[in-house]
Amino acid sequence: MSRIGKRFETLRRNGSKALITYITAGDPDSILISLGEVAINGDGTYTLAVSAIVRDQYNNPVENGTVVYFTLDRSDIGFINPETYTGNGYPCVELEGEPIKGLTRACLTYPTESIFEFVTIIANTSGGTAGDEVRAELANGLPIVDGSVTLEAFPGSVSGASGGTVTIYVTVWDHYRLIPVDKAGIGFGVEGVGSVSPPTAVTDETGVAMTTLTIPAGTEEGVTKVNARVWMSDIESDIEILITP
């Protein structure tokens with residue numbers, strides 16, 4: 001009878017019928033972590049929804065109130081609730097979730113500087129009887145998709161007759177355009193005469209990346225447009241370089 005996945009605390013038989021008066025799940029045997037939405041906070045930080053379902057050896061959700069411990073492999077990335085309980089909602093005001101039997105929730109809060117980082121989230125029950133870990137790329141579901149890019153060019157024009165070079169600077173900003181984002185991958189494109197080198201770059205700690213546009217000698221008067229796009233997003237911006245006679 002134990003194979004049906006429930007432990008029967010009290011069992012009475014009345015004729016041919018079995019009357020079950022109390023049923024409970026078994027001890028924790030496995031944990032499965034899942035990642036959810038990202039909340040954009042007003043202070044330049046973000047909060048990732050983390051959930052973990054805890055099951056017994058028969059794959060049943062464990063009883064509510066089971067303690068789950070969360071840790072990160074890198075303490076410099078952000079903060080996650082170190083201790084939560086199954087059957088609870090999110091222990092932070094940024095996220096909402098209905099209590100579900102066997103499911104525990106945690107909040108991973110991290111600053112803008114961490115959004116292109118990787119972190120391993122680890123969950124364990126008391127005594128290490130059950131555990132799981134997941135490698136999270138914080139760029140997934142990124143709040144950076146609501147960010148912005150600004151471009152600057154020095155100089156802003158080039159003589160087409162003699163040709164020349166222009167340095168293109170791109171700055172990536174967060175959702176509120178308050179904090180520059182480092183480690184953001186940038187792809188550059190050119191519309192018109194000229195070429196850029198390098199074609200891709202990564203922003204530094206000030207949120208800036210750069211490339212060089214080269215206009216060959218003998219180029220006719222006109223305009224060349226340089227585009228910068230943030231990897232894994234729809235964030236992009238253009239700047240026009242004037243080609244003079």
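The values are calculated or read from the model by the stated rules, or taken from the named source; none is laboratory data. In this text the structure is predicted, and so the values were computed from the model without any measurement. In this analysis, Cβ positions are derived from the backbone assuming ideal geometry, glycine residues included, and neighbour counts consider all displayed protein chains.
Of the residues making up region 109-129, those that are within 21 Å of Tyr90 (Cα to Cα), over 13 Å from the mean Cα position of the chain (by Cα) and either surrounded by 15 or more Cβ atoms within 10 Å (Cβ to Cβ) or modelled with pLDDT under 75 (or both) are Ile122, Ala123, Asn124, Thr125.
If you go through region 40-69 and keep only what is modelled with pLDDT of 85 or more and among the hydrophobic types (A, V, I, L, M, F, W, C), you end up with Leu48, Ala49, Val50, Ala52, Ile53, Val54, Val62, Val67, Val68.
In region 46-59, is there at least one residue being assigned to a strand (DSSP E or B), free of Cβ contacts under 8 Å to residues at least 60 places away in the same chain, surrounded by 14 or more Cβ atoms within 10 Å (Cβ to Cβ) and of a type in the set (Ser, Thr, Tyr)? Checked against the condition, which is being assigned to a strand (DSSP E or B), free of Cβ contacts under 8 Å to residues at least 60 places away in the same chain, surrounded by 14 or more Cβ atoms within 10 Å (Cβ to Cβ) and of a type in the set (Ser, Thr, Tyr), region 46-59 yields at least one hit.
Would you call Val193 of a type in the set (Val, Ile, Thr), under 29 Å from Ser114 (Cβ atoms) and outside the structural domain of Glu117 (by TED's automatic domain parsing)? Steps first, please.
Values: of a type in the set (Val, Ile, Thr): yes; under 29 Å from Ser114 (Cβ atoms): no; outside the structural domain of Glu117 (by TED's automatic domain parsing): yes.
Here the answer is no, as Val193 does not meet what is asked.
Given region 161-245, what strands (runs of 3 or more DSSP E) lie entirely inside it while holding 2 or more residues that are basic (Lys, Arg) and in contact with a strand residue (DSSP E or B) (Cβ under 8 Å, 6 or more places away or on another chain)? Quick ask: steps written out before the conclusion?
Numbers: elements: 164-173, 185-191, 195-197, 200-202, 208-215, 222-230, 236-244.
In region 161-245, 222-230 are the strands (runs of 3 or more DSSP E) which contain 2 or more residues that are basic (Lys, Arg) and in contact with a strand residue (DSSP E or B) (Cβ under 8 Å, 6 or more places away or on another chain).
Scanning region 90-106 for residues that are free of Cβ contacts under 8 Å to residues at least 60 places away in the same chain and closer than 20 Å to Ser30 by Cα, we see that the one that is farthest from the chain's Cα centre (by Cα) is Lys101.
The rows are residues; the columns are (1) surrounded by fewer than 16 Cβ atoms within 10 Å (Cβ to Cβ); (2) charged (D, E, K, R); (3) within 30 Å of Pro111 (Cβ to Cβ).
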| site | (1), (2), (3) |
| --- | --- |
| Gly163 | no, no, no |
| Asp174 | no, yes, yes |
| Val190 | no, no, no |
| Ala209 | no, no, yes |
| Thr219 | no, no, no |
| Ser233 | no, no, yes |
| Ile239 | no, no, yes |
